[in-house]
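Everything on this sheet refers to the single structure shown next.
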Amino acid sequence: MRKLPWSVLALATAIAGLNVVFVGCGSEESAIPTDDGGADGTASSSSSSGGTSSSSSGGSSSSSSGSVGDGGGDGSLLDGQVCLFVGQTCSAASECCTKACLKAPGQTLGQCGASGDGGGGSCTGAGGDCTSNTECCTNSCVGGKCSATQCKADSPVAASCTTDAECCSGKCDTAGTGKCVAVAGGACRTEGNPCTLNTDCCSQQCSAAGFCTNASYCAQLSDICATDSECCSGNCVVAGGATYGRCQTLGNAPCNPAGSICTGNGCDNKCCSLSCGPLGSTGVNVCQPPSGCRPQNEICATSGDCCGGPGQLTGQLSNGKPAPEKACVVPNGETYGRCESAQCLRPGDVCKAPTGACGGTSNNCCESLLPDGGLTPTGWCNSHPEECCSRDALGIPRCRGVNFKCTDAGVPAGSTCTTSADCCGAPCVGGKCQGQNMCVAKGGECTISADCCSPEPCVVPTGSTKGICGGTIGTDGGVQPPPEDAGTTTDAGATDAGKACALYGQSCTVAGDCCSGVPCTSGTCRYP
C-alpha cells in the first residue's frame, strides 16, 4: 500500500552534506542539484554490495510505520488486520503492508520493513497517528489513529457504515442509505476494497488477501488520494465538499510519469523515461525516474527541475547560440506540471541511442560543449550521434551536455555534467562527475536510488530533482535526513543485517545481488 509516499510537496529545509564513497564495479546514477556545490564528503574504498531490498520510495517518519506491538510479533494477524505491519515476522514481501520482507541471505523468515527498506510505500500500522485514511495500512483512520480493522468496502458491494472514517472511500451516506459511497471520478476499485483480479483495482494490484493495494511509491491513475503529491501524476482531483478524490492525468503528455505501473523489462515506450523496472523487492515494475534533471514530459515542480531549465545546461543551437531555457508547464490552478518538449533536445532529455534504441524518440540533441568548454562544430551531433546521445546508469538514452566518447577509464572527476550519461554512468552530483566506482552515502543528496550506495533508497519529492539517500518523510511533509543512529554504510555497501538485495540501478557483481531477479548488467542492477 502507498501511504505517506516519498512523493511530497516540500523538500527538507536542511539537506545533509553530500558524502560520496567508492563502490565496486558498475556505475551509479547521477545526482544533479540545481544550486552550487559539489562532493564535499570524503571518499573511501568499498566493494560492490548485495544491498538491501529497498525501493525507490522513501522512508516514513518515525510515526508513519507500525511496530511489532501493532500486531502479532510472530506474524499472526489481529482481528481485521489484512497484512503484516512493520516489525512482524514474514516469509514473503506480499505478506507485508509495505511490501518489504527483510530476510538475511539464506533465511526463510524475516521482518516486515518500512517503505525505505523496499516497500511499495510506507503505511501507518494500527494505533499509529494519522490524519487521513490514505496513510493507514488498513485504509481506515478513526479518531486520529489507524484502525486495526480493514476499511469497509464501497465496491463491488457497499458495506453498511455509521461514520466516514470506516469506509475505504472516506464517505458514508449517513443521511441516506447508511452505506459506504465510492469516490467520484472513476469506476475501478480504490485501495482497500475487496478484489479477485488485478484488473479490478485502480492500482492494478490485488493482494493475496483479496484487497486492492498499491505496489508503487505513488498512487496510480483513478486511485484514491487526498493531495496532489500522493499521485504519480501529481494531480489529485477532489470533488467540491469531498475529502478524497482520484488521481487524474496532468496535461497532454503522451507518456506515463515515473512511478506508474509498467510492463516492460528495461524498455517501455509508454514511460516518459523509457525505462521500466522493479521497485525494490516487490517485483512490481514501475516507470523508473531518470537521473538528474527531469526530461521532456516528466512531472516537475519548478522549471529548474527540467532538463534545459534555469540552472541547467541548455546546449547550443545549430547557429552556435545558446538554446533557450525550457519551462515546467503548470496548468492553471495545478500544483505540478510537465517539462515541456522542445527542439532541439536539451542536455538530459531522452533521445534515440545510436544502437539498441528504445523507440519513440529522436536523435535531435542540441549541440554539446567540448570537454574544454568550447563549442562543437555546427552539425556535430547529427554527424556523431554516439557522442551526443548515450545511456545513463539505468540504460536510458540521454542527450549529453558535454561531447566526448566514453572509454574504460571513464570521465575525470570534476567534469561538467547534467546526468550520469555525461559521466559514462558514474554519479553526477552538483553538476560535476564524481568519477568511476563511486556512489552517494546515506544522508547525501541524490536524484534517484541508483545514485545511492546500496542499500539506501533515494527519497525525492514529487517532480523534484533533489532527494536524500536513506531519508525519511518528516512531520512537515518534507524529506528529512536519516537519523544518526540509522546505520552506516559499510565497505560492502550494506547497512543493517537482513537487507539482502541492491535496488534497480545500484551496483552488483552477480545477478543474485539484485532485487527481484534483475540481471547484473555491466556491474549495474538493470535490464540490458
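The values are calculated or read from the model by the stated rules, or taken from the named source; none is laboratory data. The shown structure was predicted, so the numbers you read here are calculated from the model rather than taken from an experiment. All Cβ positions, even for glycine, are placed from backbone atoms using ideal geometry, and neighbour counts span all protein chains on display. Keep in mind that these areas ignore ligands, DNA and RNA; they rest on the heavy atoms of the full protein, side chains included. Shrake-Rupley method; radii C 1.70, N 1.55, O 1.52, S 1.80 Å.
When the solvent-accessible area of region 221-261 is split by element, carbon and sulfur atoms take up 48 percent of it, the probe being 1.4 Å.
Sorted largest first, the principal axis extents computed over the alpha-carbon atoms of region 157-293 equal 50, 33, 20 Å.
Label separation (H384 vs S341): 2.9 nm, computed from points 7 Å beyond Cα along the C-beta direction.
Segment T131..T196, full-extension length gain: 20.5 nm, with 0.36 nm per residue of separation and the alpha-carbon distance subtracted.
What region 349-467 shows is 29 Å² of accessible area per residue, with the surface traced by a 1.4 Å probe over protein heavy atoms. Expressed per residue, the C-alpha convex hull volume of region 252-363 stands at 112 Å³.
Across all directions, the average projected area of the convex hull around the alpha carbons of region 296-358 is 4.9 nm². Here region 343-400 is assigned +1 on the Cβ of each Lys and Arg and -1 on the Cβ of each Asp and Glu. Its dipole about the Cα centre then comes out at about 180 debye.
Quote to one decimal, in nm, the extra length available between S362 and L109 on full extension: 0.36 nm per residue of separation minus the C-alpha distance between them. Before the final figure, lay out each step's value.
Numbers: separation 253, 0.36 × 253 = 91.08 nm, distance 4.80 nm.
My answer for the length gained is 86.3 nm.
The P(r) of region 250-312 has a tail past 13 Å containing 59 percent of all C-alpha pairs. Quick check on my link table: of K352/K432; K321/K352; K179/K270; K326/K442; K270/K321, which ones sit more than 27 Å apart, alpha carbon to alpha carbon? From K352/K432; K321/K352; K179/K270; K326/K442; K270/K321, over 27 Å: K179/K270; K326/K442; K270/K321. Mark the label point 7 Å from the Cα of S160 along Cα→Cβ and return the residues of region 176-220 whose backbone N is within less than 11 Å of it. Backbone N within reach: 178-179. Fully extending the segment from E325 to A184 would add 46.9 nm, taking 0.36 nm per residue of separation and subtracting the current Cα-Cα distance.
Provide the packing ranking of 304-315, 511-522, 366-377, i.e. peptides ordered by the mean count of other C-beta atoms within 10 Å per residue, highest first.
By packing density, highest mean first, the sequence is 304-315, 511-522, 366-377.
Rolling a 1.4 Å probe over the protein heavy atoms gives region 234-329 an accessible area of 35 Å² per residue.
Considering region 320-468, its Cα convex hull presents a mean projected area of 9.9 nm².
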